[in-house]
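Q: Here it is, the structure in full.
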Amino acid sequence: MWFLRRMLRIPWTAKKTNERVLNEANKRRSLVRTIRKLQATFLGHVIRRGKQEHLVTTGKFEGKRSRGRQRKKIMDGLATWLGTGKVSDTLAAVKDRDLWRDMIANAYKQGT
(Lines give C-alpha, C1' and ligand atoms only; values in the text may rest on other atoms or scores of the structure.)
Protein backbone atom coordinates (compact mmCIF):
# COMPACT_ATOMS: atom_id res chain seq x y z
CA MET A 1 0.00 0.00 0.00
CA TRP A 2 2.95 2.30 0.42
CA PHE A 3 3.10 3.09 -3.30
CA LEU A 4 -0.57 4.09 -3.39
CA ARG A 5 -0.11 6.27 -0.32
CA ARG A 6 2.88 7.89 -1.99
CA MET A 7 1.04 8.48 -5.27
CA LEU A 8 -1.98 9.95 -3.50
CA ARG A 9 0.31 11.98 -1.21
CA ILE A 10 -1.20 10.63 1.95
CA PRO A 11 1.13 11.36 4.88
CA TRP A 12 2.07 8.56 7.24
CA THR A 13 0.46 10.50 10.10
CA ALA A 14 -2.98 10.32 8.45
CA LYS A 15 -4.99 7.56 10.05
CA LYS A 16 -6.43 5.96 6.94
CA THR A 17 -7.02 2.27 6.57
CA ASN A 18 -5.78 0.32 3.59
CA GLU A 19 -9.37 -0.12 2.43
CA ARG A 20 -9.91 3.65 2.33
CA VAL A 21 -6.69 4.11 0.40
CA LEU A 22 -7.81 1.47 -2.11
CA ASN A 23 -11.19 3.17 -2.48
CA GLU A 24 -9.54 6.54 -3.10
CA ALA A 25 -7.33 5.00 -5.77
CA ASN A 26 -10.26 3.05 -7.30
CA LYS A 27 -8.33 -0.21 -6.95
CA ARG A 28 -9.22 -3.67 -5.67
CA ARG A 29 -7.17 -6.33 -3.98
CA SER A 30 -6.17 -8.90 -6.56
CA LEU A 31 -3.69 -11.17 -4.82
CA VAL A 32 -6.30 -13.69 -3.67
CA ARG A 33 -7.81 -13.84 -7.16
CA THR A 34 -4.39 -14.40 -8.69
CA ILE A 35 -3.60 -17.18 -6.24
CA ARG A 36 -6.95 -18.89 -6.94
CA LYS A 37 -6.34 -18.67 -10.69
CA LEU A 38 -2.91 -20.24 -10.36
CA GLN A 39 -4.30 -22.97 -8.12
CA ALA A 40 -7.03 -23.74 -10.64
CA THR A 41 -4.65 -23.95 -13.59
CA PHE A 42 -2.29 -26.18 -11.63
CA LEU A 43 -5.19 -28.38 -10.56
CA GLY A 44 -6.30 -28.82 -14.16
CA HIS A 45 -2.79 -29.85 -15.10
CA VAL A 46 -2.51 -32.34 -12.23
CA ILE A 47 -5.95 -33.91 -12.66
CA ARG A 48 -5.54 -34.43 -16.40
CA ARG A 49 -2.16 -36.03 -15.81
CA GLY A 50 -3.66 -38.55 -13.36
CA LYS A 51 -0.60 -39.51 -11.32
CA GLN A 52 0.11 -39.48 -7.59
CA GLU A 53 -0.52 -35.74 -7.32
CA HIS A 54 -4.09 -36.42 -8.45
CA LEU A 55 -4.61 -38.71 -5.46
CA VAL A 56 -3.16 -36.18 -3.05
CA THR A 57 -5.18 -33.21 -4.30
CA THR A 58 -8.48 -35.07 -4.38
CA GLY A 59 -7.83 -36.62 -0.97
CA LYS A 60 -8.48 -40.20 -2.02
CA PHE A 61 -5.87 -42.26 -0.25
CA GLU A 62 -6.01 -44.90 2.45
CA GLY A 63 -5.60 -44.31 6.14
CA LYS A 64 -7.41 -42.80 9.07
CA ARG A 65 -8.70 -39.28 9.19
CA SER A 66 -7.22 -36.99 11.79
CA ARG A 67 -9.26 -36.08 14.85
CA GLY A 68 -11.05 -32.80 15.25
CA ARG A 69 -12.37 -30.42 12.64
CA GLN A 70 -11.59 -31.46 9.10
CA ARG A 71 -9.19 -29.20 7.28
CA LYS A 72 -10.33 -27.20 4.33
CA LYS A 73 -9.20 -28.76 1.09
CA ILE A 74 -8.02 -26.97 -2.00
CA MET A 75 -10.73 -28.71 -3.99
CA ASP A 76 -13.52 -27.37 -1.77
CA GLY A 77 -12.24 -23.81 -2.05
CA LEU A 78 -11.87 -24.03 -5.82
CA ALA A 79 -15.33 -25.56 -6.23
CA THR A 80 -16.91 -22.61 -4.42
CA TRP A 81 -14.72 -20.08 -6.27
CA LEU A 82 -15.61 -21.55 -9.65
CA GLY A 83 -19.28 -21.78 -8.73
CA THR A 84 -19.68 -25.49 -9.44
CA GLY A 85 -20.77 -26.24 -5.88
CA LYS A 86 -19.62 -29.84 -5.82
CA VAL A 87 -16.12 -31.23 -6.07
CA SER A 88 -17.34 -34.01 -8.37
CA ASP A 89 -18.69 -31.41 -10.84
CA THR A 90 -15.37 -29.60 -10.72
CA LEU A 91 -13.44 -32.80 -11.44
CA ALA A 92 -15.74 -33.57 -14.35
CA ALA A 93 -15.19 -30.09 -15.80
CA VAL A 94 -11.40 -30.49 -15.61
CA LYS A 95 -11.47 -33.23 -18.24
CA ASP A 96 -12.70 -30.75 -20.88
CA ARG A 97 -9.82 -28.30 -21.23
CA ASP A 98 -11.76 -25.58 -23.06
CA LEU A 99 -14.59 -25.64 -20.53
CA TRP A 100 -12.06 -25.52 -17.69
CA ARG A 101 -10.29 -22.49 -19.15
CA ASP A 102 -13.60 -20.69 -19.63
CA MET A 103 -14.62 -21.44 -16.03
CA ILE A 104 -11.35 -20.05 -14.70
CA ALA A 105 -11.58 -16.92 -16.86
CA ASN A 106 -15.17 -16.23 -15.77
CA ALA A 107 -14.39 -16.73 -12.09
CA TYR A 108 -11.34 -14.45 -12.38
CA LYS A 109 -13.36 -11.70 -14.09
CA GLN A 110 -16.08 -11.85 -11.43
CA GLY A 111 -13.48 -11.35 -8.73
CA THR A 112 -15.01 -13.67 -6.18
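The values are calculated or read from the model by the stated rules, or taken from the named source; none is laboratory data. The shown structure was predicted, so the numbers you read here are calculated from the model rather than taken from an experiment. No Cβ is skipped: glycine too gets one built from the backbone with ideal geometry, and neighbour counts run over all protein chains shown.
Q: How many residues does segment 76-91 hold that are closer than 12 Å to residue 44 by Cβ and of a type outside the set (S, T, N, Q)? Outline the logic, then answer.
A: Start the filter on segment 76-91 by keeping residues that are closer than 12 Å to residue 44 by Cβ, which leaves 78, 82, 90-91.
Okay, now just the ones that are also of a type outside the set (S, T, N, Q), so 78, 82, 91.
Number satisfying all stated conditions: 3.
Q: Looking at (1) among the hydrophobic types (A, V, I, L, M, F, W, C); (2) at pLDDT 85 or above; (3) within 30 Å of residue 100 (Cα to Cα), which is the one condition that is false for residue 22?
A: (3)
Q: Among (1) of a type in the set (Ser, Thr, Tyr); (2) modelled with pLDDT of 85 or more; (3) surrounded by 11 or more Cβ atoms within 10 Å (Cβ to Cβ), which single condition is residue 58 missing?
A: Status for residue 58: all satisfied but (2).
Q: When you go through 30, 66 one by one, which is the residue that is under 13 Å from the mean Cα position of the chain (by Cα), at pLDDT below 80, at negative phi and not charged (D, E, K, R)?
A: 30
Q: Give the number of residues within segment 73-111 that are more than 15 Å from residue 37 (Cα to Cα) and modelled with pLDDT under 75.
A: 0
Q: Go through segment 15-34 and give me each residue that's of a type in the set (A, V, I, L, M) and surrounded by 11 or more Cβ atoms within 10 Å (Cβ to Cβ). I'd like the intermediate steps shown before the answer.
A: The initial filter retains those residues of segment 15-34 that are of a type in the set (A, V, I, L, M), namely 21-22, 25, 31-32.
Across segment 15-34, the qualifying residues are 21, 22, 25, 32.
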